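Asks: Below you'll find the structure I mean.
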Amino acid sequence: MTLVSLAAKNVLRNKFRAVLTVMGVAVAVLTFMMLRTIISAWTSGADYAAKDRVVTRNKITFVMPLPKRYVDQVKATPHVKTVTYSNWFGGKDPKHDREFFAAFAVDHTTYFLVYDDMDVPKDQMDVFQHDPQGAIVGDLLAKKMGWKVGDKVTLTSGIFAREGDWEFHIDGIYTSKSKAIDRSSFMFRWDYLANDPNVQRRQQGQDANVGWIVSRVDNPKASADVSVALDKAFADQEIQTESQDEHAFNASFLASFSAVLSAIDIISVVILAIMALILGNTIAMGVRERTNEYGVLRAIGFTGGHLAGFVLGESALLAGVGGAVGIAIAYPFINLGMGKWLEENMGNFFPNFSVEPNVTTSAIIASLVLGVGAAAIPAYRASTLKVVDALRRVA
Amino acid sequence: MIPIRYNVRSLAVRKTTTIATALGIALVVFVLASALMLANGIKKTLSVSGQSDVAIVLRKGSDNELGSVIDVGAINTIMGTPGVKKDGNNAPIGVGEIIVVGAMEKIGAKGVTNVQIRGVPANAMQFRPEVTIVDGRAPAPGKDEVIVGQRIRGRFKGTDLGNTFDLRKNRPVTVVGVFAANGSSYESEIWVDVDTLRAAYSRPGMVSSVRVRLESPDKYDGFRASMESDKQFGFLAMRDSEYFDKQSEGTSIFVGALGGVISFFFSIGAMIGAMITMYAAVANRQREIGTLRALGFSRASILVSFLLESVILALFGGGVGALAAMGMQFVKFSMMNFQSWSEIVFTFEPTPAIIFRALFFALMMGLIGGFFPALRAARVSPVVAMRGG
């Protein structure tokens, strides 16, 4: 019998306990991966955000718009390739008024050039370009609301009051491969909003307003300079701006939830602690029950190092198997079950909810490190056993 | 019946194992209790703001004050509605206010955070008796002076007493006072004179909401009916308390659900831990169990005894966890409220019900985790066990 097979035999000596421990570790690893995926999915909007898009908004507050004439000024700024603008519409479907989705009025000629990571079939885009009441919606939103291309939908707006509801035609459905794009948005033509008599009356003949301006720069490295240049250009005007590239913009939005994210972060470490306790407990019990045997092994010439190796190996094996089982369950559970549901129902927070490779890597590292760590004390105890005490001891 | 002392002593003998298992359960209970306390804190913060004899009027179609626009001319129509209480001078009691969201620089963090700024008329503090100045003084009317809620005091650039910040370019305002509002979400707001805010944010001739005090809470139905029959303006009337309940809905459900899901998975882990410990206890005490059976204790009393042992273990852990969670009371938790898109500071609010629920959860973990091991103990045959099997 080799040393390795002895260690393996020890693991299986109490099969039932080994199975329970593996289950415990698996559940902990699954939970850990779930929590880490929540964090990575939540922050992926910032991580994958396009760095070559600069968002310009009102410096004072997002609830106040910018004058539309700013668009032309942005266009004239060096490094800016394409410019588009949109307004928050605050739309709701009166038939499903508890469903939240993002609805914007967008400039139909430029919006999908700036957001070229939203994929709209060409024939649908052509229809949209010629339909004043046209709208393009995300595939997840369309699925949730049961909308198809060609449907007529009516929305109410919390911001733009009107006699009667707003009627739109679903001309196209966009999909996206980018992990930063929310596939549950509703976009319709800005001119439909701007030409509405009620909206015009409220403007009282003044220049039209846009909610925010998005520009595409020719080089992602230039976006910081472009942001500074834009804000400087508007600094002396009546309304000042705050420009950030999309990455920084999303990051500052996330900062508002930093307390939640760090709470989840802490909790994901707590579950690892629970796992270490379960594992350490199992190993400690095994060592205690085998004290006599260890005494015999020491007496026939095995060193303390050998014994510590047995204990550590046993623990690492249990943790490794448990971790592997946990990861094997986590993929279908998170990607197909929970993730699908979250993408469809909370797409604006979790545009893409699936396990990232680095989450898996950290799960593997965590289970192995903890496997060894949890066994440290029992291993030390086993290695420092005095033969006489061990043999004399009655378990 | 086997005395409980037997179980307590058995647990005490294997200290390390007992502590490791109890600690696992303690962590689960800690996370669960904290999540429940936070969800409760969110609810409390957002709902103590509402008074039962106050009604709020918004524009129809708006979910909250931020998105609502009411013409200044309509304020008198609203205040003049029957059912609104009048003061000594026969003037109706109510406030028309503007809500905006300002981007403020958070101290010690990068980027800007949205803070709710409320433009209030001179009688806003009389209207809300729970609002009191705790530091500095009340703002002088018509001056560019603001007061800040105590929960956000000093959290953002220019929001401590005596500081100034720009409401907009070249429109500085001075913080002259800090106010408390009974722990409500007002404590996460900045209050400024309604005319100053209106000018700074180019909001001429409008307010966001109108709140009125009713003669009594039961005048509400009549008030609401007359408000909503007004087709000219398109009003939406709600009880103030109902309004704030709605504001907290999304956020507290989110925290509660997240905490619930996490606790569920955690508890599976901890239950498995308890199971391992109890199985080991049963295996190591075969002889003891055999002796007890030989002494005449029934299978049922062995089952109950081991179940009790597991429950004691779980409750011990649960108690430690709940106690630790009580310490979270002193932690401030700031997060964006989904309804208003602005940051509100919440606290963890324990209640006896939450502690009871957390302990009940621990009890269930003990019962479920201990059931199968106890069943095995009950099945031990006295003869085999005493022979040393």
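The numbers here are math on the coordinates, done by the rules we state, and not lab data. Small disclaimer: the values here were computed from a predicted structure and weren't measured. Counting neighbours? That spans all protein chains shown, and the Cβs are built from the backbone with ideal geometry, glycine included.
Asks: Given a cut-off of 28 Å, name the pairs among A:K179/B:K332; A:K386/B:K15; A:K59/A:K221; A:K15/A:K340; A:K81/A:K144 whose C-alpha atoms lie farther apart than that in the structure shown.
Replies: Violating the 28 Å limit, Cα to Cα: A:K179/B:K332; A:K15/A:K340; A:K81/A:K144.
Asks: Here's something else I'd like to know. Between A:K144 and B:S229, what FRET efficiency follows from the Cβ-Cβ distance if R0 is 35 Å, with the result rounded to 0.05?
Replies: 0.50
Asks: Excluding residues fewer than 8 places away in the same chain, name every one of the lysines whose C-alpha is closer than 28 Å to that of B:K231.
Replies: A:K92, A:K95, A:K152, B:K60, B:K85, B:K86, B:K219, B:K246
Asks: At what distance in angstrom do the alpha carbon centres of the range B:241-317 and the range A:72-89 lie from each other?
Replies: Spelled out, the Cα-based centre of one part sits 60 Å from the other.
Asks: Evaluate the distance, in nm, between pseudo-label points positioned 7 Å from the Cα of B:L375 and of A:E167 along their respective Cα→Cβ axes.
Replies: According to this spin-label approximation, the distance is 6.5 nm.
Asks: Expressed as a whole percent, how much of the Cα-Cα distance distribution for the range A:74-141 exceeds 21 Å?
Replies: Of all Cα-Cα distances in the range A:74-141, 35 percent exceed 21 Å.
Asks: Run through the range A:126-222 and list the trypsin sites (Lys or Arg not before Pro) located in a DSSP loop whose Cβ has at most 10 other Cβ atoms within 10 Å.
Replies: Hits after loop and neighbour filter: A:K148, A:K177.
Asks: Same structure again: Equivalent-ellipsoid semi-axes (√(5λ), Cα gyration tensor) for the protein assembly as shown, whole Å, largest first?
Replies: 60, 32, 24
Asks: Okay, moving on. Which GluC sites (Glu not before Pro) in the range B:49-107 pass both tests, a DSSP loop state and at most 11 other beta-carbon atoms within 10 Å?
Replies: Qualifying residues, ordered by number: none.
Asks: Continuing with this model, one more query. How would the range B:214-327 be classified by its alpha-carbon gyration tensor: rounded, prolate or oblate, with rounded meaning a/c under 1.5 and the a/b versus b/c comparison settling the rest?
Replies: It comes out prolate by the Cα gyration axes.
Asks: Quick one: if the Förster radius is 30 Å, what FRET efficiency do A:N335 and B:A324 give, using the C-beta to C-beta distance and rounding to 0.05?
Replies: 0.30
Asks: Assign one of three labels to the range A:220-362, namely rounded, prolate or oblate, based on the Cα gyration tensor with a ≥ b ≥ c the square roots of its eigenvalues; rounded applies when a/c is under 1.5, prolate when it is not and a/b is larger than b/c, and oblate otherwise.
Replies: prolate
Asks: Efficiency by 1/(1 + (r/R0)^6): what FRET value for B:R9 and B:S52, r their Cβ-Cβ distance, R0 = 41 Å, to the nearest 0.05?
Replies: 0.15
Asks: Which is the longest run of chain A containing none of the GluC sites (Glu not before Pro) found in DSSP loop states (not H, G, I, E, B) with at most 13 other C-beta atoms within 10 Å?
Replies: A:239-395
Asks: Ratio of alpha-carbon Rg to the 2.2 N^0.38 Å globular estimate for chain B, to two decimals, please.
Replies: Here the answer is 1.39, to two decimals.
Asks: Could you check the spin-label model distance between A:I377 and A:A224? Points 7 Å from the Cα along Cα→Cβ, value in nm.
Replies: Going by the 7 Å Cα→Cβ label model, 4.8 nm.
Asks: Of the trypsin sites (Lys or Arg not before Pro) in the range B:224-266, which ones lie in a loop per DSSP and count no more than 13 other C-beta atoms within 10 Å?
Replies: Here the sparse-neighbourhood loop sites are B:K231.
Asks: Could you compute the net charge surrounding B:G183? Neighbours are other residues with a C-beta less than 10 Å from the C-beta of B:G183; K and R count +1, D and E count -1.
Replies: Once positives and negatives cancel, what remains is -1.
Asks: Which value in deg cm²/dmol, rounded to the nearest 500, describes the helix-derived mean residue ellipticity at 222 nm for chain A, given -39,500 (n - 2.57) per DSSP H run of n ≥ 4 and division by the residue count?
Replies: Helix contribution divided over all residues of chain A: -16500 deg cm²/dmol.
Asks: Taking +1 at the Cβ of each Lys and Arg and -1 at the Cβ of each Asp and Glu, which of A:P197, A:S184, A:V210 sits farthest along the dipole of the range A:153-212 towards its positive end, judged by Cα position relative to the Cα centre?
Replies: Selected residue: A:S184.
Asks: Is there a quick way to get the dipole size of chain A? I mean about its Cα centre, with the Cβ of Lys and Arg at +1 and of Asp and Glu at -1; what is the value in debye to the nearest 20?
Replies: 2280 debye
Asks: Using only the Cα atoms of chain A, what semi-axes does the equivalent ellipsoid have when each is the square root of 5 times a gyration tensor eigenvalue? Give whole Å, largest first.
Replies: The three semi-axes for chain A are 61, 22, 16 Å.
Asks: Follow-up. So what are the range B:307-389's ellipsoid semi-axes, whole angstrom, largest first, if each one is the square root of 5 times an eigenvalue of the alpha-carbon gyration tensor?
Replies: 45, 12, 9
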